[in-house]
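The values are calculated or read from the model by the stated rules, or taken from the named source; none is laboratory data. Since the model is a prediction, treat every value here as computed from it, not as a measurement. Reconstructed Cβ throughout: ideal geometry from the backbone, glycine too, with neighbour counts over all protein chains shown.
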Amino acid sequence: MAWAEAALRDCEETLRAKAETALSEGRYDDAVNLASFARAVNETATRAENARLSRASADRQALSYAQLEDPRLTAYLARSTGQSAWYTRDRDGLVKTVTSKKSGSRYTVRASRQQVAAIVSYLAANGGPDNPIPTREIFTALSVDGSAPPAYQGHVVLGWLRQIGIIVKRRGDTGYVAPEADLLAEQFDDLWRSLPPHVSG
């Protein structure tokens, strides 16, 4: 839906520019017609935007209802409320939902549970409060099956771990620090279950 809104806004802008040109050239009938078309396109785009925002609100409300079953989900959603990105669980996948600050549209990116577990295991084995690990080293754990997955999947995992406070990036450090690395292996299943269920938009 967001791409359709963007196309409509582009169309409106083009029509308004043509209307201004027609007006400056003294083609008043053309200017009036073009302005009328632009207004109609604007109204259509506004209706589409309102429908999208209403659905987004419903999705967030659905997450709120889902989290009532587990107090850990309440805590997670409280931390993620108002943030431009939040994380959910869809079967065996970690889903990052991002809201564009510019357009307000939403999109999702994903990483597998296997990739999440691999990075958590790597941090548990190599991290620590005084041992910052560069991102590129953490990402070596992503190749769980010998492939070279896209880096964005690693960023999905790190974004979630940062949001829930498992890793931090301190000023002056060249990478991430896992303050309680020694507990990560034991905590992983609980952390995974604490993710709210994903609700498709």
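Listed by first and then second residue, the pairs linking a residue in region 3-19 that is at pLDDT 65 or above to a residue that is assigned to a helix (DSSP H, G or I) and not aliphatic (A, V, I, L, M), with Cβ atoms under 7 Å apart and 6 or more places separating them unless they lie on different chains, are E12/N42; L15/F37. Against the test of being surrounded by 17 or more Cβ atoms within 10 Å (Cβ to Cβ), charged (D, E, K, R) and modelled with pLDDT under 75, the options E49, E69 yield a single qualifying residue, E49.
Step by step: first the residues of region 130-171, then only those that are among the β-branched types (V, I, T) and more than 25 Å from P196 (Cβ to Cβ), then the one that is surrounded by the most Cβ atoms within 10 Å (Cβ to Cβ). Which residue is that? Looking at the filtered set, the residue picked out is I133.
From the list G93, G127, pick out the single residue that is surrounded by 14 or more Cβ atoms within 10 Å (Cβ to Cβ), at negative phi and modelled with pLDDT of 85 or more. G93 is the lone residue from the list that is surrounded by 14 or more Cβ atoms within 10 Å (Cβ to Cβ), at negative phi and modelled with pLDDT of 85 or more. Taken as a whole, the structure places V199 among residues that are touching a Leu at 6+ places or on another chain (Cβ under 9 Å), under 20 Å from T88 (Cα atoms) and not assigned by TED's automatic domain parsing to the domain that holds D92.
State all residues of region 113-124 that are surrounded by fewer than 19 Cβ atoms within 10 Å (Cβ to Cβ) and among the polar types (S, T, N, Q); if no residue qualifies, say none. Correct list: Q114, S121.
Only a single item in (1) assigned to a loop (DSSP other than H, G, I, E, B); (2) touching a residue at least 40 places away in the same chain (Cβ under 8 Å) is not met by G165, and it is number (2).
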